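Student: Take this structure, written in structure tokens, and hold onto it; I'll ask about it next.
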Amino acid sequence: MSVFDPSTESPIAHAIVAPDGSLSFADPALIALNQRAGGMRGAPLAVPQLATIARLARRLGIVVSRGVVVADDETDVDLWVRAQPDGENVRLTVSGWREIAAWRPARPAPDAQNDFLGSDTDWRWETDSALRLTFVTLDAGPKHGFDAFALLGQPLTAMFALDAGTDGTLPILDSLARRRAMAAQPAHLRSSGRAVTLTANVRHDASGDFAGFVGVARMVVEDALAPVAADTLSPTFTSGLDKALRIPLARIVANADSINAQADGPVQHDYADYAADIASAGRHLLELVDDLVDLQAVERPDFALAPEPIDLADVARRAAGLLTVRASNAEVTIVRPAMDARVPALGDFRRLLQILVNLVGNAVRYSPAGSHVTVSVERSETQAIVVVADQGKGVAPEDQIRIFEKFERVDPSEAGGNGLGLYIARRLARAMQGDLMIESAPGEGARFVLTLPADPARH
Amino acid sequence: MSVGRDPVDAMPSYDDPLARAETVRLRAETRLAGTIADFFLDADARLDDRTRLMLAHVLDAIVGSIEWDIRRHAARSLAGNGSTKAGEAILKAGAGGVVDRLTRAGLLRDEELMDELITRVRHDLIAASLPVEVAEPDEASLLVRLAGVPDSIVASAASALLAAESRRRVANEQGVVGGSELPAELHHRLVWWVAAAIRDGLPHATRESDRAITDAAQRSLAAHDEGERPDAVAMRLAGALDARPNELAAVLVESIGDRRLSLFVAVLAHALGIAFDQARAITLEPEGDRLWLALRALDMDRPTIARIGLALSEADPRRDIEAFADALDAIVSVGVEDARASIAPLALNRDFRMALRALARTSRR
């Protein structure tokens, strides 16, 4: 997985802004960012957010730290900027460098600060940087037998006894060490001995240092039933889904986009951001609707696609082109078939593009930064072949059948995807008299091989 | 708050089409007047959506809690005297409609009440948005530290503030208030309004029901403890701390870095010798000018004023940090004595201030 991983140390870049607002020194990352924003050596700092903070720090004469979102080419990058006046100059320290992550359907740690509590047996707690309780939901006290008022100001451990996780470690230590959200810390209540699960977000102070936890405690329900996974999708479920969901969703996305773009006039900045989240989540749902509709189609016994003459190399180049931006964000290079390569085949252009975008997208998602995804084409007497190869962690032999099944994913905890893509891709390939296969060994990357009938007329 | 709805039963039926048409015409006029007033409203005067929503919640919650206090207690005492029906009537008649009734009557437009509520809501929203600033890594935050000091007066006041602020937060988040947490005078006024609105909704008010409502209202007044309000608790802590001039800057900066805005306001009020509400008003003003002058009157230096200004700007979108940065040199150049003179009116007796304000308002008309 190569997309941003919050656990890795983020790079820190330094710069010195001269009194005239130009960069008199900068680390390469900042020079590059400045250049991409149209800046030049000796000219004023061209990234407006950075320039504003530097100017503010100079004029106020104190350290100014702020999180900002900076447009960098086609993406937005989340930066933490600290500007410290130093004589006539201002020292900039820029960390974070986090591409604004796509909306995720399942978060590894609940966003305790903004999440609604799951049930009325859950309650909130907050600590300062010394892990002393600064807030406890008051009505949780009578329910669970503790005195919330008496606990305020006490160490977190006065309320909870922390237990080791299944692997013998304490998630809270990991969270403290790496300054990241705490997921599922087992504990029990000192007042009643009942088991609880603690999750928390880290609150940062203006210098980006640990300033405390904002957390939720959930009572552990002992006989919780595991959710039963439905392994078939009834036709009645998907029928009408398209009409019932697509239009309202499209409207939600369009409206959220126009709120975000402030098309109807200025709105407060955080509302504009919420709107972007809404649009992003809406698009994700639209994709799911598309997939479910596809699923219903490909599962019909009479499903077939009318073959037409196409150039498989051209489709492969287009698919690679569509994913260039995502790939470069993930620092992955896509190697496409040569511009003059031609592989005549018989298939459905739109569906082929869909399959290849899915394959290349997967490959990018599972590729480590700095690696290549190679899209190559071959042809034989009877077959046109396109191969999408990555240098990721590969797929173990026992998973190679599973990944083509409905709602199956190698690692269900990964963000993005709904476990339908490969299933649909293979069904589509077979409906075009072709096939989709995988060749892989763990640690050696994966090769997805899509075959189609060659076009005898143009061979 | 919106202008209250007319009660549905005030609309004449179609049996009297003339009256009905006239009522609708009057409503349309009222609506137009409201829309025009809304259109010409200064952007500065307009509440932003978050504040408006929270204000509506807080007002509903406070009036609702007083209303149910009175209804429950009056009903219980009537039922205890054998008048079960009258008790039930008090529980049912117009239940939950008191906010609407008071809004329609224009009573909730009371300037002091709304000033207090709007300020409280702004205070809480800004406090929640302040950036955290950790003074020392691994050191407990200011209020937690104060709750553990050997000086028992400081420690108990700090614990009380922790508790009061938690209560306030729960109230804001869940819309359940334990008490109005209003200043005594305002609470007094509101309780009688609510009592009157309850009686107004009764189909048959009797001497017994009046007595029961009166008793219940008086009980609510007696139970109100002004000293439990977070403002009062914060003032108690500020008094107990009694920060010396050389400690003042650190306490102010650290209380704002610990997001304890009420403590900041209280320490400021204590140091200036002015009332909490005055210090709170100047702290929340988006222009900030009176706050900067007050800080200069306390001889705060440039970095301290800059830190406070920056933190408040980050938390309050109405503020203009650029304008503040432009003005900072001029602010710092104001002499301590001049600054003191400029904010002297803040120290006037509250009733005196109110009277002056009322006079100024009438002379503007």
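The values are calculated or read from the model by the stated rules, or taken from the named source; none is laboratory data. Just so you know, these numbers come straight off a predicted model, no measurement behind them. With ideal geometry, Cβ positions are generated from the backbone for all residues, glycine too; neighbour counts draw on all protein chains shown.
Student: Only one of (1) over 21 Å from residue A:125 (Cβ atoms); (2) out of contact with any Lys or Arg (no Cβ under 9 Å at 6 or more places or on another chain); (3) assigned to a helix (DSSP H, G or I) is not met by residue B:149, so which one is it?
Tutor: (3)
Student: Let me ask something else. Which of the residues spanning the range B:260-312 are among the basic types (Lys, Arg), within 14 Å of chain A (Cβ to nearest Cβ) and in a helix (DSSP H, G or I)?
Tutor: B:302, B:307
Student: With the range A:142-223 as the region, which helices (runs of 4 or more DSSP H) entirely inside it contain at least 3 residues that are farther than 20 Å from residue B:136 by Cα and within 13 Å of chain B (Cβ to nearest Cβ)?
Tutor: A:148-151
Student: Suppose we filter the range B:192-224 for residues that are hydrophobic (A, V, I, L, M, F, W, C), touching a Leu at 6+ places or on another chain (Cβ under 8 Å) and over 16 Å from residue B:63 (Cα atoms); how many remain?
Tutor: So the count comes out to 1.
Student: Right, next: Going through the range B:313-322 one residue at a time, which ones are in a helix (DSSP H, G or I) and within 11 Å of chain A (Cβ to nearest Cβ)?
Tutor: Result: B:313, B:314, B:321, B:322.
Student: Moving on to the next point. Answer yes or no as to whether residue A:162 is touching a residue at least 12 places away in the same chain (Cβ under 8 Å) and more than 22 Å from residue B:165 (Cα to Cα).
Tutor: yes
Student: It is to be established whether one or more residues within the range A:21-43 are of a type in the set (S, T, N, Q), touching a Pro at 6+ places or on another chain (Cβ under 7 Å), at pLDDT 85 or above and assigned to a strand (DSSP E or B).
Tutor: Yes, because at least one residue in the range A:21-43 is of a type in the set (S, T, N, Q), touching a Pro at 6+ places or on another chain (Cβ under 7 Å), at pLDDT 85 or above and assigned to a strand (DSSP E or B).
Student: Within the range A:373-395, work out how many residues are of a type in the set (Asp, Glu) and in a loop (DSSP other than H, G, I, E, B).
Tutor: Final tally of qualifying residues: 2.
Student: Between a first residue in the range A:277-300 that is on the phi < 0 side of the Ramachandran plot and a second residue that is in a helix (DSSP H, G or I) and hydroxyl-bearing (Ser, Thr, Tyr), which pairs have beta carbons less than 8 Å apart while being 6 or more apart in sequence or on different chains?
Tutor: A:292/A:238; A:293/A:238; A:295/A:238; A:295/A:423; A:296/A:238
Student: List the pairs whose first member sits in the range B:269-282 and is under 14 Å from residue B:339 (Cβ atoms), whose second member is crowded, with 22+ Cβ neighbours inside 10 Å and small (Gly, Ala, Ser), and whose Cβ atoms are under 7 Å apart, counting only residues at least 6 apart or on separate chains?
Tutor: Taking only residues 6 or more apart or on different chains, the pairs are B:272/B:279; B:272/B:294; B:272/B:297; B:282/B:294.
Student: Which of the residues spanning the range B:188-219 are surrounded by fewer than 22 Cβ atoms within 10 Å (Cβ to Cβ) and over 22 Å from residue B:104 (Cα atoms)?
Tutor: Residues satisfying the conditions are B:206, B:207, B:208, B:210, B:211, B:214, B:215, B:218, B:219.
Student: Specify which of the listed residues (A:235, A:309) is modelled with pLDDT of 80 or more and either loosely packed, with under 15 Cβ neighbours inside 10 Å or not assigned by TED's automatic domain parsing to the domain that holds residue A:452 (or both).
Tutor: Only one candidate passes the filter, namely A:309.
Student: Scan the range A:259-271 residue by residue and report those that are surrounded by 12 or more Cβ atoms within 10 Å (Cβ to Cβ) and either within 14 Å of chain B (Cβ to nearest Cβ) or modelled with pLDDT of 80 or more (or both).
Tutor: A:259, A:267, A:268, A:271
Student: Related question: I'm trying to understand the selection: among the residues of the range A:348-361, which are in contact with a strand residue (DSSP E or B) (Cβ under 8 Å, 6 or more places away or on another chain), surrounded by fewer than 23 Cβ atoms within 10 Å (Cβ to Cβ) and part of a helix (DSSP H, G or I)?
Tutor: Once the filter is applied, which keeps residues that are in contact with a strand residue (DSSP E or B) (Cβ under 8 Å, 6 or more places away or on another chain), surrounded by fewer than 23 Cβ atoms within 10 Å (Cβ to Cβ) and part of a helix (DSSP H, G or I), the range A:348-361 yields only A:349.
Student: Within the range B:132-176, work out how many residues are more than 27 Å from the chain's Cα centre (by Cα) and within 7 Å of chain A (Cβ to nearest Cβ).
Tutor: Number satisfying all stated conditions: 6.
Student: Can you name every residue in the range A:327-369 that is more than 15 Å from residue A:390 (Cβ to Cβ) and touching an Asp or Glu at 6+ places or on another chain (Cβ under 6 Å)?
Tutor: A:329, A:342, A:344, A:345, A:346, listed by residue number.
Student: Kindly indicate which of B:141, B:152, B:156 is among the polar types (S, T, N, Q), more than 30 Å from residue B:74 (Cα to Cα) and buried (at least 22 other Cβ atoms within 10 Å of the Cβ).
Tutor: Result: B:141 is the single residue among B:141, B:152, B:156 that is among the polar types (S, T, N, Q), more than 30 Å from residue B:74 (Cα to Cα) and buried (at least 22 other Cβ atoms within 10 Å of the Cβ).
Student: Please find, among A:285, A:292, the residue that is over 24 Å from residue B:49 (Cα atoms), hydrophobic (A, V, I, L, M, F, W, C) and under 16 Å from the mean Cα position of the chain (by Cα).
Tutor: A:285
Student: Starting from the range B:41-58, keep only residues that are assigned to a loop (DSSP other than H, G, I, E, B), then list their pairs with residues that are buried (at least 16 other Cβ atoms within 10 Å of the Cβ) whose Cβ atoms are within a distance under 7 Å, requiring at least 6 positions of separation or different chains.
Tutor: B:47/B:55
Student: Would you pick out the residues in the range B:112-131 that are β-branched (Val, Ile, Thr) and either surrounded by fewer than 20 Cβ atoms within 10 Å (Cβ to Cβ) or within 13 Å of chain A (Cβ to nearest Cβ) (or both)? First the steps, then the outcome.
Tutor: Within the range B:112-131, the subset β-branched (Val, Ile, Thr) is B:118-119, B:121, B:126.
Answer for the range B:112-131, where residues must be β-branched (Val, Ile, Thr) and either surrounded by fewer than 20 Cβ atoms within 10 Å (Cβ to Cβ) or within 13 Å of chain A (Cβ to nearest Cβ) (or both): B:118, B:119.
Student: Quick test of your reading of the structure: residue B:181 fulfils all but one of (1) assigned to a helix (DSSP H, G or I); (2) more than 14 Å from every other protein chain (Cβ to nearest Cβ); (3) crowded, with 21+ Cβ neighbours inside 10 Å. Name the failing condition by number.
Tutor: With (1) assigned to a helix (DSSP H, G or I); (2) more than 14 Å from every other protein chain (Cβ to nearest Cβ); (3) crowded, with 21+ Cβ neighbours inside 10 Å applied to residue B:181, the lone miss is (1).
Student: Let me ask another. Which numbered condition in (1) part of a helix (DSSP H, G or I); (2) within 14 Å of chain B (Cβ to nearest Cβ) is the only one that residue A:68 fails?
Tutor: So the condition that residue A:68 fails would be (1).
Student: Quick check: anything in the range B:344-363 more than 14 Å from every other protein chain (Cβ to nearest Cβ), of a type in the set (Gly, Ala, Ser) and under 15 Å from residue B:269 (Cα atoms)?
Tutor: Yes, the range B:344-363 contains at least one residue that is more than 14 Å from every other protein chain (Cβ to nearest Cβ), of a type in the set (Gly, Ala, Ser) and under 15 Å from residue B:269 (Cα atoms).
Okay, residues lined up against (1) at pLDDT below 80; (2) surrounded by 18 or more Cβ atoms within 10 Å (Cβ to Cβ); (3) not assigned by TED's automatic domain parsing to the domain that holds residue A:448:
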site	(1), (2), (3)
A:379	no, yes, no
A:383	no, no, no
A:392	no, yes, no
A:396	no, no, no
A:403	no, yes, no
A:406	yes, no, no
A:413	yes, no, no
A:418	yes, no, no
A:426	no, yes, no
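Student: Still on this structure, I have one more. Are there any pairs, at least 6 apart or on different chains, whose C-beta atoms fall under 6 Å, with the first in the range B:12-29 and free of Cβ contacts under 8 Å to residues at least 40 places away in the same chain and closer than 20 Å to residue B:104 by Cβ and the second small (Gly, Ala, Ser) and surrounded by 10 or more Cβ atoms within 10 Å (Cβ to Cβ), and if so, which?
Tutor: Note: pairs meeting the criteria are B:12/B:19.
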